[in-house]
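Following: one structure in structure tokens, then a few remarks.
What follows is calculated from the coordinates using simple rules that are stated; it is not laboratory data. Since the structure is predicted, the reported quantities are computational estimates derived from the model, not experimental observations. Neighbour counts are summed over all protein chains in view; Cβ atoms, including those assigned to glycine, are modelled from backbone coordinates with ideal geometry.
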Amino acid sequence: MKFVLNAAYAPVGQLSDLARACEAAGFEAMAVSDHLIHPEKLRSRYPYTANGEPRWQPFTDWPDPWVAIGAMSAVTERLRFITSVYVLPLRNPVQVAKTVATAAALSRGRVVLGVGVGWMREEFEALEQPFESRGRRADEALEVLQRLWDPDGYAEHHGEFFDLPSLEMRPAPPEPVPVWVGGVSPRALRRAATRADGWISEVHSSAELAGHLERLRAMRADSSRAGQPFSVLGAATDAFTRDGYRRLADLGVTHVQTLPWTLYGLRGESLEERREGIARFGEDVIARFD
């Protein structure tokens, strides 16, 4: 089991300090999230709460994930960084390929591209991107990324949404960039199982995770990627001790997201509280986990 700090909602000025604290405590990675805007009048329903309201308040910091990753990778040596998740169909995949490859090169391969198709229609409207076709565009964009990241020779692509003549793009990632897919809809699970290197969960109970993982394994086994390694970044509402994390590992979770200060009754309102929670979790859980 590898441990990942969920950096969502953290003030942007704390990110580099939190990255250093995570590396010192033995965390595998930090996960950074992605939103462009927060409308004053939000029409879109958030799909992961019962009332459809987001878990955050307006004026929460949502830094650009790749700028943040560049800054944090510059002050760390080992820590990895995961986008959880980057809204892929909001962007042109050529620009995404360039951004991710540059981050991978500068960090010496310490990035994982976690992607989703998005839920907030207003973000798509702000960038003048069609909302309804976002799933198909994401599928095709994943193909474009792999072609552009190929370090050997020229690449081209002719598809429904993107048409690229023969070209090359440098820098190439120093090693293949793992691509993980987030989401719990049947299409998202199939996208993860058949097109990606891993899956990113929402916050679930252990029983819910077990059900999703069973479906993922069945789809993976029936795909062209059967037998290839598959990572799972999970978050569980009922696993927050070493024994709980071992149960998740037995289910097939390879990485777990956590907000460690909450486990010690700390609100995480200050950088000092966040650092304290990270250090204590490193001593109590990571150092003793086998």
Kindly provide the chymotrypsin sites (Phe, Trp or Tyr not before Pro) of segment 1-55 that DSSP labels as loop, not H, G, I, E or B, and whose Cβ sees at most 15 other Cβ atoms within 10 Å.
TYR9, TYR48
Kindly identify segment 2-288 as rounded, prolate or oblate by the Cα gyration tensor criterion: order the square roots of the eigenvalues as a ≥ b ≥ c, call it rounded if a/c is under 1.5, otherwise compare a/b with b/c, prolate if a/b is larger, else oblate.
rounded
So in the chain, what percent of DSSP beta bridges are antiparallel if you round to the nearest 5?
10 percent
Take the alpha carbon atoms of segment 63-89, find their center, do the same for segment 146-181, and report the distance between the two centers in whole angstrom.
20 Å
Placed amide H near ILE82: partners under 5 Å, 5+ positions off or other chain
MET30, ALA31, VAL32, VAL112
Viscosity 1.306 mPa s, temperature 10 °C: give me the Stokes-Einstein translational D for segment 123-233 in µm²/s, with Rh taken as the Kirkwood radius over C-alpha pairs.
101 µm²/s
Under a Cβ-only charge scheme (Lys and Arg +1, Asp and Glu -1), can you give me the dipole magnitude of the chain about the Cα centre, in debye to the nearest 20?
420 debye
I want to check the label-to-label distance for SER16 and LEU106. Put each point 7 Å from Cα in the C-beta direction and report it in nm to one decimal.
1.2 nm
Cβ charges +1 (Lys, Arg) and -1 (Asp, Glu), total dipole of segment 1-52, debye:
280 debye
Mean separation of Cα contacts under 8 Å (at least 6 apart) over the residue count of the chain, i.e. the relative contact order in percent, is 19 percent
Residue-normalised 222 nm signal for the chain, counting each DSSP H run of n ≥ 4 as -39,500 (n - 2.57), nearest 500 deg cm²/dmol, is -11500 deg cm²/dmol
With label points set 7 Å from each Cα along the Cα-to-Cβ direction at GLU273 and HIS158, the distance between them in nm comes to 5.9 nm
Longest DSSP-loop-exposure-free segment, GluC sites (Glu not before Pro), the chain, at most 14 other Cβ within 10 Å
169-268
Rounded, prolate or oblate: which fits segment 1-50 when a ≥ b ≥ c are the square roots of the eigenvalues of the alpha-carbon gyration tensor, with rounded for a/c under 1.5 and prolate only if a/b beats b/c?
oblate
